[in-house]
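Visitor: Just dropping this structure here.
All of the numbers you see were taken from the coordinates with simple rules; none came from a lab. Worth saying up front: this structure is predicted, and the values here are computed from it rather than measured. Cβ: placed from backbone, ideal geometry, glycine included. Neighbour counts: every protein chain shown.
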Amino acid sequence: MTRVLIAGAALVLGVPGFPACADHDRPELIDDPVVADAAESACAAMAREVHAVVGDPVQAIRARNDAVVTMIDAVRAVGEDRIADDRPAAEWLADWRALVDARARHADDLAAGRDPGWVVPAHDGRPITERMAAVSLDCAVPPEVTEGR
């Protein structure tokens with residue numbers, strides 16, 4: 001009986017602290033519903049556009065990059081303060097931008113007749129796409145974007 005009372009008291013005393021803990025930002029996840037909803041919606045539109053692109057590799061890279069930039073802009077429209085408050089959101093957007101920038105350089109090289117090969121940019125020795133996938137969003141990087149075409 002004593003154990004039941006102690007367990008019950010611990011539960012009751014712990015409950016008031018629960019709401020504060022529930023609102024805590026998990027630093028590894030984009031968990032602000034406004035940011036997450038904007039990101040997932042914009043990502044779905046981006047993926048549809050990326051999948052629809054066909055044609056010349058250089059033009060395809062640029063068109064797909066345009067779709068990614070449109071997604072980035074749509075997410076940023078929720079406001080920089082909101083993005084800054086959801087810790088990984090700014091990094092996630094910066095990773096998308098780094099991917100676009102690397103792809104743009106790759107397209108420039110291809111247009112100039114160079115074929116430098118393609119490697120997804122890395123951060124701390126890991127492809128940025130790994131970090132991009134780890135923020136708990138329904139937003140996979142389309143293979144057309146990771147393949148550099």
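Visitor: So, R0 is 22 Å and r is the distance between the beta-carbons of Ala44 and His123; what FRET efficiency does that work out to, to 0.05? Intermediate results must be reported in sequence, preceding the final value.
Guide: Details: r = 25 Å, r/R0 = 1.14.
So, using R0 = 22 Å, E works out to roughly 0.30.
Visitor: Let me ask something else. Cut-off is 10 Å between beta-carbons; in what order do Thr70, Thr146 appear when sorted fewest neighbours first?
Guide: Ranked by crowding around the Cβ, least crowded first: Thr70, Thr146.
Visitor: Once phi is turned into ³J(HN,Hα) by the Karplus curve 6.51 cos²θ - 1.76 cosθ + 1.60 with θ = phi - 60°, what whole-Hz value does each residue of region 133-146 show in order, with x for glycine and proline?
Guide: 7, 9, 9, 6, 10, 8, 7, 6, 6, x, x, 4, 8, 6
Visitor: Let me ask something additional. So what J values fall out for region 35-46 if you push phi through Karplus, 6.51 cos²θ - 1.76 cosθ + 1.60 with θ = phi - 60°, rounded to Hz, Gly and Pro as x?
Guide: Working through the residues one at a time gives 5, 4, 5, 4, 5, 5, 5, 5, 5, 4, 5, 4 Hz.
Visitor: Once amide H atoms are built 1.01 Å from N in the peptide plane, which residues 5 or more positions from Ala122, or in another chain, come under 5 Å H to H?
Guide: For Ala122, whose amide H was placed from the backbone, the distant partners under 5 Å are Ile128.
Visitor: Now for a separate question. GluC sites (Glu not before Pro), restricted to region 87-149: which are DSSP loop and have at most 16 other Cβ atoms within 10 Å?
Guide: Sites meeting the loop and neighbour criteria: Glu147.
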